[in-house]
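**Q** Could you have a look at this structure, given as structure tokens, before my questions?
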Amino acid sequence: MSIPHPQHPAAEPAETADGAENAASALTAREARGRDRRAVPGPHSAGLHAAGPDSAGHAPAGRHGTAAGHVAGLHATGDPVSGAPAAGWTVATALPVSYRVRFTPGVLDPGNPALALAGGPPGRRLVVVDARVHELHGHRLHRYLTAQGVEYEALVLPAHEQVKTMDSVFQVADRMDSFGISRRGEPVIAVGGGVLTDVVGLACSLYRRSTPFVRVPTTLIGLVDAGVGAKTGVNHGRHKNRLGTYHPAVDTLLDPAFLDTLDRRHLGNGLAEILKVALIKDRDLFELLDRHGRSLLDERFQGRRVAAAVLGRAVHGMLEELQPNLWEHRLERLMDYGHSFSPTVEMRALPELLHGEAVCVDMALTTVVAQRRGLLDAAQGERILRLMRRLELPVWHPLVEPLTLGEALADTVRHRDGRQRLPLPSGIGSGVFVDDLDARELAEAAGRLRAWSAAERARPGTGQAFRTWEGSETRA
């Protein structure tokens, strides 16, 4: 898989990401080293491998129950004297994956062909649009597609966590069917936030087992997180993204101009995911947020230089972590920071918490854990929590209590194959993984965080910035 370094074309090079050329080269090198590791199960190279029976009549087993060490091709083993036929086969094949993520200012400018050509030759397109986005930008989308000569149908869907279900996926699949979409040459276009792109991506991964799609994220969380990776998913029961696939969009076009119509709370929602990248792997990004976070909120990321730098670093940092481990064969993932307790808290709090807000509460809790363990000093811990508050993000919620946290951690352990693999910040801008967080330590950290939140709420001039439920024992 090859992922280009995403650099905002309107940004000056020094303002986007330090060492961009080196970082892009590192991605290319990792891609060359890691392609076979990601795509081929176990120690086999690509090919079809057959194994004859052993003396007990069983095929010799290696990793994944197959014979180990074969090179590409068809290999059969058996009794060379009797000529016994092969009794078992191993199929090992490489799946090359390449997808684009690119900043595309003016994506709905009628003179810009980027979207019309994204993912395939110009022609027919099914366009799935978030209902709110359609209210704000539907006329521009229609004008664009008409100017580009695209024959299209539009499906307008509500897109929020309560309807992020298989029912929404089936609506997309039904429209793909009635549209008569071609299997490969007519990529579906998804225009909306992370919920919408996740739903459309899952539908496309299932329809004829693999239909290409193109993403146009319109929220900040879509631009820097949900819209740039490979995962699709919907909620199931009380579980977040419990049903899903790995099916990256063939092309993702990022236009920060959409953020000009995004409300302040949803901008903060996306800033939480940017802060995640900063805390766990990019100290310089943290410094940018610390200096300019409030102005980014005020300007809705429409300022050219700082906004471009923050967005470029956030997207690049995300892709840099995803690319060598796109299918999550390794379960120690720095990008899981803030996602150990938040899935359970978010789903139980619906509709009270947005995704990024739940992630921030998780990060605040694990910041306290890290400080108690000596991974952060007191000044760093305080600085992190105060930055969260300046970004108008919550740091506590009544569900941050021992029973919910214990159940959340238990579910995370199952998700991470029997171990916690819990990312914690180690200083600002790097992280470590731990496996030994216990109930007592978790309860003490939650209590300390609640006390900090209550004290901040009581400080003159700060209480109005808190959600109604922060600092209280029960939800409002």
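**Q** Using just the Cα positions, wrap the stretch 83-235 in a convex hull and report its mean projected area in square nanometres, one decimal place.
**A** 11.6
**Q** Over the alpha carbons of the stretch 95-146, what is the largest minus smallest coordinate on each principal axis, giving the biggest first in Å?
**A** Here the Cα extents, ordered largest to smallest, are 39, 24, 23 Å.
**Q** Still on this structure: Please give the direction-averaged projected area of the C-alpha convex hull for the stretch 192-253, in square nanometres with one decimal. Let's see the in-between values first.
**A** Values: hull surface 15.3 nm².
Reported value for the Cα convex hull: 3.8 nm².
**Q** Also: Points 7 angstrom from Cα along the Cβ direction at residue 291 and residue 331: gap in nanometres?
**A** 4.1
**Q** Shifting gears a bit: Using a simple spin-label model with points 7 Å from Cα along the Cα→Cβ vector, what separation in nm is obtained for residue 151 and residue 89?
**A** Between residue 151 and residue 89, the label points sit 4.0 nm apart.
**Q** Right, next: So which lysines pass the test for residue 240, namely a Cα distance under 17 Å, with those fewer than 8 places away in the same chain ruled out?
**A** 164, 231
**Q** Summarise the accessible area of the stretch 174-258 (1.4 Å probe, protein heavy atoms) by the percent that is carbon and sulfur.
**A** 47
**Q** With all protein chains present and a 1.4 Å probe, how do 452, 396, 89 order by accessible area, largest first? List each step's numbers first, then the result.
**A** Values: 452 40, 396 5, 89 155 Å².
If we order 452, 396, 89 from most to least accessible, we get 89, 452, 396.
**Q** Based on the Kirkwood radius over alpha-carbon pairs, what is the Stokes-Einstein translational diffusion coefficient of the stretch 354-410 at 10 °C with 1.306 mPa s viscosity, in µm²/s?
**A** Once the numbers are plugged in, D ends up at 134 µm²/s.
**Q** When the chain is fully extended, how far beyond the present Cα-Cα distance does residue 299 get from residue 238, taking 0.36 nm per residue of separation? List each step's numbers first, then the result.
**A** Numbers: separation 61, 0.36 × 61 = 21.96 nm, distance 3.62 nm.
In short, 18.3 nm is gained.
**Q** With a 1.4 Å probe and all protein chains left in place, how much accessible area per residue does the stretch 115-235 have, in Å²?
**A** Numbers: 4450 Å² over 121 residues.
With all protein chains present, the stretch 115-235 gives 37 Å² per residue.
**Q** What FRET efficiency comes out for the pair residue 171/residue 443, r = Cβ-Cβ distance, R0 = 51 Å, nearest 0.05?
**A** Numbers: r = 43 Å, r/R0 = 0.84.
It comes to 0.75.
The values are calculated or read from the model by the stated rules, or taken from the named source; none is laboratory data. Predicted model, so just to flag it, every value in this text is computed and none were measured. Positions of Cβ are backbone-derived with ideal geometry, glycine not excepted, and every protein chain shown enters the neighbour counts. For the accessible areas, the whole protein counts, side chains as well, though only heavy atoms, and no ligand, DNA or RNA atoms are used. Shrake-Rupley method; radii C 1.70, N 1.55, O 1.52, S 1.80 Å.
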